[in-house]
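Only one structure is covered here, and it is reproduced in the block below.
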Amino acid sequence: MIQVTDLNKSFGKLEVLKGVSFSINRPGVFAVLGHNGSGKTTLLKTILGMVIPNNGELQVNGAAIKRSWEYRKDIAYLPQIARFPENLTVNELIKMILDIRNRKGREVELIQRFGLEKFLDKKLSDLSGGTRQKVNIVLAFMFDANICIMDEPTAGLDPVALIELKKLIEEEREKGKTILITTHIMSLVEEVAEEIIFLLDGKIHFQGTLEEMQKQTNEKDLEHAIAAMLVPNGTHNH
Ligand SMILES: Nc1ncnc2c1ncn2[C@@H]1O[C@H](COP(=O)(O)OP(=O)(O)OP(=O)(O)O)[C@@H](O)[C@H]1O
């Protein structure tokens, strides 16, 4: 479904991705983890074609994505920082995206699930951070994409919205979707992810299930397991 081979990306002198290779061959929820600045967003944006790698191969659904845009129709994206015209109302923004995609969406259900009805006529500039994030979630899940990429989806969400988001992720997983999430919230990883892709020093340091990570490190708690992975002579890729 997603195959990344020997991906390199530098910004000037800063080498962010130094030969990243991994593949995702099954549906499910995959957590992309790593320190601040380890290149998670860069990696996700490369898969989306928003960042052009210096080197490497990328395949989505069996086809190389170089110079192709069509494949993106099959990927939903929730950016870490979404930038939309601030003077639009929530309703206008949703309508605009529906028009651009020229497809039917499930926005009515999602608006209701995240309690956004009362914000529909408000301008984006007037929304709180958490409410904006709910709007982003609606936009990301509005179309029935097979692959969903979410960069810090929980940012700013209140507990009620967080529960709703987890439910939504679970439903999508049951429909056979492939979901990639970056987050610094380990409890979210433990609750929703079946596999971890761990970026360190510009490379994939570990890919495997939570159980495999716990077994390799002898640590039950995910935060401690990850910390154990960082010590020299620790455990590595499988
Ligand atoms: N367009 C850009 N131009 C220059 N440097 C960039 C650009 N995009 C990212 N970087 C740098 O690349 C590095 C990786 O950034 P990235 O956003 O991918 O990290 P991240 O793992 O997602 O971090 P965080 O956990 O803080 O969100 C950072 O040092 C960042 O400053």
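Read-outs: derived from the displayed coordinates by stated rules, not from any lab. Here the structure is a predicted model, which is why all the values come from computation and not from measurement. Cβ atoms come from the backbone with ideal geometry, glycine included; neighbour counts cover every protein chain shown.
Estimated purely from DSSP H runs of n ≥ 4, each contributing -39500 (n - 2.57), the mean residue ellipticity at 222 nm for the chain is -9500 deg cm²/dmol once divided by its residues. Considering only alpha-carbon pairs that sit under 8 angstrom and 6 or more positions apart, the relative contact order computed for the stretch 101-147 is 61 percent. Enclosing the Cα atoms of the chain in their convex hull gives a volume equal to 131 cubic angstrom per residue. Pairs of Cα atoms nearer than 8 Å and 6+ residues apart set the relative contact order; for the chain it is 26 percent.
Straight-line cross-link partners of residue 40 among the lysines, defined as a Cα under 16 Å from its Cα and at least 8 positions apart when in the same chain: 9, 18, 203. Potential lengthening of the chain between residue 167 and residue 210 amounts to 13.5 nm, from the contour at 0.36 nm per residue minus the alpha-carbon distance. Counted by neighbouring Cβ atoms within 10 Å, the residues 205, 184 run from fewest to most as 184, 205. Projecting the Cα positions of 11, 165, 34 onto the charge dipole of the stretch 2-229 (unit charges on Cβ atoms of Lys, Arg, Asp and Glu, taken about the Cα centre) puts 11 furthest along the positive direction.
Summing Cβ point charges (Lys, Arg +1; Asp, Glu -1) relative to the Cα centre of the stretch 2-229 gives a dipole of roughly 800 debye. Going by neighbour counts of Cβ atoms within 10 Å, the residues 192, 32, 51, 20 line up, fewest first, as 51, 192, 20, 32.
Annotation for residue 112 and residue 83: the two label points, set 7 Å from Cα along the Cα-Cβ direction, are 3.6 nm apart. Given R0 = 22 Å, the distance between the Cβ atoms of residue 91 and residue 128 translates into a calculated FRET efficiency of 0.80.
Between residue 223 and residue 160, what FRET efficiency follows from the Cβ-Cβ distance if R0 is 25 Å, with the result rounded to 0.05? Approximately 0.50, to the nearest 0.05.
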